[in-house]
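One structure below.
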Amino acid sequence: MTKNEYVPLRQGQDETLALTKIPVAELADRVLVVGDPDRAAKAAGLLTNAKPIAKNREYHSYVGEYEGKRITVASHGVGAAGAACCFEELCRGGAKYIIRAGTAGGVQRDVVDGDLLVVTGAVRCDGYTELVVPMNYPAVPDLQVTSSLVRTAEESDLNTHSGVVITSANFYPSPILGNDQPKWRDAGAIGVEMEVAALFITASIHRVKSGAILAIDGNPLKDEDEDMTSYEPDREIVTKAIDATLETSLKVLASLE
């Protein structure tokens, strides 16, 4: 074993993951991750025989079954550094597939509220992954997982995009430095969020297959609201898209072999 290889803890070991507090014996190898603990509970409600297995800080976890496959749901909170603690522990605990279902802002005019976005790569402005691998290493998902997400998402009645997102360390733009999204938008990025790059890099290191599908909850460019003063995600059109990300992710996780 080289110094860069990680050996997952064996299923059944009497181990509890340090920050998420997930018992390794309870962790399924198919995992759906979301930012919001309430959304994790909502996703767990889509499982059969679901039960909570851990709750610590922002990390709330459940396990159950979906279409006959055992699946873990875990929340990771806001921002790459804290989320990466969750992703790292899931990988060390034996996860083989991890899909993030989250929200994002659109940064192209045609990527609007209520749309779905399947991520094909992430710009690493997250403030975390630069400490883990060189900046010229790409943050990309697994091709099989991503292709399955695209196919399944397109079966919904929602407008679906696929493309590169900006994973940003800050949510609101700086009143001093402004917003650096336009340069990435001009290069073709279509959305902005805060955790996907950390997932893709962590999963790559551990040879875990990852993917991400996001619900668009606003578009500052289209709304001419670059400082995000009118941002309001709690609307029915966004809730419908969020529900679609959860259902799509669970269907894909259950189908992977």
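The values are calculated or read from the model by the stated rules, or taken from the named source; none is laboratory data. Source: prediction; values computed, not measured. As a convention, Cβ positions derive from the backbone with ideal geometry for all residues, glycine included, and neighbour counts pool all protein chains shown. When the accessible area is computed, the model is the full protein with side chains, heavy atoms only, and any ligands, DNA or RNA have been set aside. Shrake-Rupley method; radii C 1.70, N 1.55, O 1.52, S 1.80 Å.
Numbers for the structure displayed
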| item | result |
| --- | --- |
| Spatially proximal aspartates and glutamates relative to residue 96 (Cα-Cα < 13 Å; intrachain offsets below 8 disregarded) | 29, 88, 142, 257 |
| GNM result for the chain, Cα springs below 10 Å: residue of 116, 143, 27 fluctuating most strongly | 143 |
| 25 Å Cα-Cα threshold exceeded, pairs from 42/183; 183/240; 209/251; 209/240 | 42/183; 183/240; 209/240 |
| Electrostatic dipole magnitude of the chain [Cβ: Lys, Arg +1; Asp, Glu -1; Cα centre; debye, to 20] | 1040 |
| Convex hull of region 20-160 built on C-alpha atoms - directionally averaged projected area, nm² | 9.2 |
| For residue 51, solvent-accessible area (1.4 Å; no DNA, RNA or ligand), Å² | 90 |
| Kyte-Doolittle mean at least 0.5, axial Cα span of 20 Å or more - DSSP H helices of the chain | 236-255 |
| Inter-centroid distance (Cα atoms) of region 133-194 relative to region 45-119, Å | 16 |
| Fluctuation leader among 246, 158, 90 - the chain, Gaussian network, Cα springs under 10 angstrom | 158 |
| Simple spin-label estimate for residue 171 and residue 48 in nanometres, 7 Å along Cα-Cβ | 3.7 |
| Intensity falloff of the chain expressed as log10 I(q)/I(0), Debye formula with alpha-carbon point scatterers, at q = 0.07, 0.17 Å⁻¹ | -0.21, -1.30 |
| 5 angstrom amide H check on residue 108, placed H, neighbours 5+ away | none |
| Calculated [θ] (222 nm, deg cm²/dmol) that DSSP helices of n ≥ 4 give over the chain, each run adding -39,500 (n - 2.57) | -8500 deg cm²/dmol |
| Cβ-derived FRET efficiency at R0 35 Å, residue 110 paired with residue 65, nearest 0.05 | 0.40 |
| Top of 171, 87, 200 by mean-square fluctuation, Gaussian network on the chain, Cα under 10 Å | 171 |
| Calculated SAXS-style log₁₀ I(q)/I(0) at q = 0.12, 0.13, 0.16 Å⁻¹ - region 91-229, Debye, Cα scatterers | -0.46, -0.53, -0.80 |
| Projected label distance in nm at residue 15 and residue 57, using a 7 Å step from Cα toward the beta-carbon | 1.9 |
| Length added when fully stretched, residue 237-residue 25, from 0.36 nm per residue minus Cα-Cα | 72.5 nm |
| Accessible heavy-atom area order of 20, 103, highest first, probe of 1.4 Å | 103, 20 |
| Contour minus Cα-Cα distance for residue 180 and residue 144 (0.36 nm per residue) | 9.8 nm |
